[in-house]
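The values are calculated or read from the model by the stated rules, or taken from the named source; none is laboratory data. Because the structure is predicted, anything quoted here is derived from the model rather than measured. Virtual Cβ from ideal backbone geometry, glycine too; neighbours counted across all protein chains shown.
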Amino acid sequence: MHNIPYNSEREPLVIPEYGRNIQNMVRYAQKIENKELRQAFVEKIARLIAIMFPQERSQANYQIKIWNNIFRIAHYDLDVEPPTGYTPTPEEDKKKPEPIHYPQSDYKLRHYGHNVQRLVEKAIAEEDKEKQREFVLTIAAYMKLAYKTWNQESNVTDEIIKADLEKLSEGKLSLPKDVSIPDLLQGLPTKSNTPTKKKKNKNNKQRRRWR
């Protein structure tokens, strides 16, 4: 029987996408005693990686990335001089990316969405009272549409929308009781009332041709 080693018995791959052959070449380079030969050999490894992974070259500073990865594979125990002029250090692996700061908000009635809250804030800041009234009515109409979209089984009334509008604006915006909020869904075609195209009679076409 051939004594074939299993991958589980081999050294773990530091960068799996580069494969075991690249890692073996880096290990061989670490054993080269002559500095010039070692330098030339590692430069060939870097060129080989660039050929094997052409997508790397489309990125900015791809040479820095390739040489950083070579040093990672060597566990930073490699006496060569990168052409980039920067020698990576073990601290590179310890660096963590900056955390992404998600916008924190204490918005109420989140089922209306973030954009509705932003519209409410703009309406509050509107100084022209006439424009503000029209703006508020438009916002209320959109809120009514959103409510019907996400709560299809429940009936929405103008009173519910007006109350929610006051909550979102903390009492700074309101609509009079006698004002009706437009229904943006009215007038849209449905499957039942959508006109269907009449099928053309093939026989009529043939008769017209022979006349």
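The rows are residues; the columns are (1) part of a helix (DSSP H, G or I); (2) within 30 Å of N24 (Cα to Cα); (3) modelled with pLDDT of 90 or more.
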{"position": "D79", "(1), (2), (3)": "no, yes, yes"}
{"position": "Q104", "(1), (2), (3)": "no, no, no"}
{"position": "Y107", "(1), (2), (3)": "no, no, no"}
{"position": "N115", "(1), (2), (3)": "yes, no, no"}
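Does region 17-67 hold any residues that are not in a helix (DSSP H, G or I) and not acidic (D, E), and which are they?
Answer for region 17-67, where residues must be not in a helix (DSSP H, G or I) and not acidic (D, E): I32, N34, F53, Q59, A60, N61.
So that you can scan it fast, the table gives a plain yes or no per residue for (1) closer than 11 Å to L168 by Cβ; (2) of a type in the set (F, W, Y); (3) part of a loop (DSSP other than H, G, I, E, B):
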site: R118; (1), (2), (3): yes, no, no
site: E121; (1), (2), (3): yes, no, no
site: A140; (1), (2), (3): yes, no, no
site: L145; (1), (2), (3): no, no, no
site: N155; (1), (2), (3): no, no, yes
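What residue, of K148, K162, K129, K122, is closer than 21 Å to L185 by Cβ, modelled with pLDDT of 90 or more and basic (K, R)?
Values: K148 fails: modelled with pLDDT of 90 or more; K129 fails: closer than 21 Å to L185 by Cβ; K122 fails: closer than 21 Å to L185 by Cβ.
Just one listed residue meets the conditions, K162.
Tally up the residues in region 133-144 that are touching a residue at least 24 places away in the same chain (Cβ under 8 Å) and not aliphatic (A, V, I, L, M), please.
Counting residues in region 133-144 that are touching a residue at least 24 places away in the same chain (Cβ under 8 Å) and not aliphatic (A, V, I, L, M) gives 2.
Out of the residues in region 111-136 meeting the condition of being hydrophobic (A, V, I, L, M, F, W, C) and surrounded by 15 or more Cβ atoms within 10 Å (Cβ to Cβ), tell me which one is nearest to the chain's Cα centre (by Cα).
First pass over region 111-136, keeping only residues hydrophobic (A, V, I, L, M, F, W, C): 116, 119-120, 123-125, 135-136.
Now drop any that are not surrounded by 15 or more Cβ atoms within 10 Å (Cβ to Cβ), which leaves 116, 119-120, 123-124, 135-136.
Details: V116: 22, L119: 24, V120: 27, A123: 30, I124: 32, F135: 32, V136: 32 Å.
My answer is V116.
Pairs needed: first member in region 37-62, over 17 Å from N24 (Cβ atoms); second member anywhere, of a type in the set (A, V, I, L, M, F, W, C); C-beta distance under 7 Å; at least 6 residues apart or different chains.
Q39/V80; A50/I66; E56/A50; E56/I66; R57/A50
Scan region 32-58 for residues that are exposed (fewer than 11 other Cβ atoms within 10 Å of the Cβ) and under 30 Å from the mean Cα position of the chain (by Cα) and jot them down.
I51, P54, Q55, S58
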